[in-house]
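> Before anything else, here's the structure in question.
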Amino acid sequence: MNGIMEIRRQVRLSQWSAMVREREESGLSVQAYCRQVGIAAKTYYYRLRRLREAAVEQVRSEATQPELVQFTPPAEYAVGQAQSIVIKTADTTIEIPVNAQPDVVAAAVSFLRQP
């Protein structure tokens with residue numbers, strides 16, 4: 001999206017956000033508010049949906065994925081002693097051989113990140 005279009009989009013979202021806030025503060029129902037300001041309820045809900053989509057988009061773009069870091073286990077857990085690494089969550093257990101390739105470990109971590 002080019003700069004001017006993005007600015008127009010941001011201005012529109014800001015105006016719509018003010019409209020939703022004004023409606024909430026007024027205590028009026030959506031129908032009554034829309035009659036008062038002269039817009040269709042369908043328009044109000046469209047704008048509300050677009051605001052929610054923009055909020056989700058912003059959260060997704062700001063979310064950072066944790067990076068894999070190098071880990072050297074203490075001597076008592078040397079590779080020769082352990083056969084695998086076990087990762088447990090509430091509903092999943094993944095067992096990875098200690099000699100697994102980094103891409104296998106990354107795939108397992110990716111799987112765990114899925115909702």
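The values are calculated or read from the model by the stated rules, or taken from the named source; none is laboratory data. The structure displayed is predicted, hence computed values, not measured ones. Note that we place each Cβ from the backbone using ideal geometry, even for glycine, and neighbour counts take in every protein chain shown. Accessible surface is based on the protein model in full, side chains and every heavy atom, while ligands, DNA and RNA are left aside. Shrake-Rupley method; radii C 1.70, N 1.55, O 1.52, S 1.80 Å.
> Which condition does Pro73 not pass, out of (1) open to solvent by 90 Å² or more (accessible area, probe 1.4 Å); (2) modelled with pLDDT under 80, if it passes all the others?
Among (1) open to solvent by 90 Å² or more (accessible area, probe 1.4 Å); (2) modelled with pLDDT under 80, Pro73 violates only (1).
> Is it fair to say Ile4 is among the aliphatic types (A, V, I, L, M), free of Cβ contacts under 8 Å to residues at least 12 places away in the same chain and loosely packed, with under 11 Cβ neighbours inside 10 Å?
Yes; evaluated as a whole, the condition is true for this residue.
> Which residues, counting only those in region 8-39, are within 18 Å of Glu53 (Cβ to Cβ) and open to solvent by 70 Å² or more (accessible area, probe 1.4 Å)?
Hits for region 8-39 are Arg8, Gln10, Val11, Arg12, Ser14, Gln15, Arg21.
> So which pairs qualify, if the first residue must be in region 20-35 and hydroxyl-bearing (Ser, Thr, Tyr), the second must be surrounded by 15 or more Cβ atoms within 10 Å (Cβ to Cβ) and assigned to a helix (DSSP H, G or I), the Cβ gap must be under 8 Å, and the two must be at least 6 apart or on different chains?
So the pair list comes out as Ser26/Tyr33; Tyr33/Arg23; Tyr33/Tyr44.
> For Ala54, which of the numbered conditions (1) at pLDDT 95 or above; (2) surrounded by 11 or more Cβ atoms within 10 Å (Cβ to Cβ) fails to hold?
The failed condition is (1).
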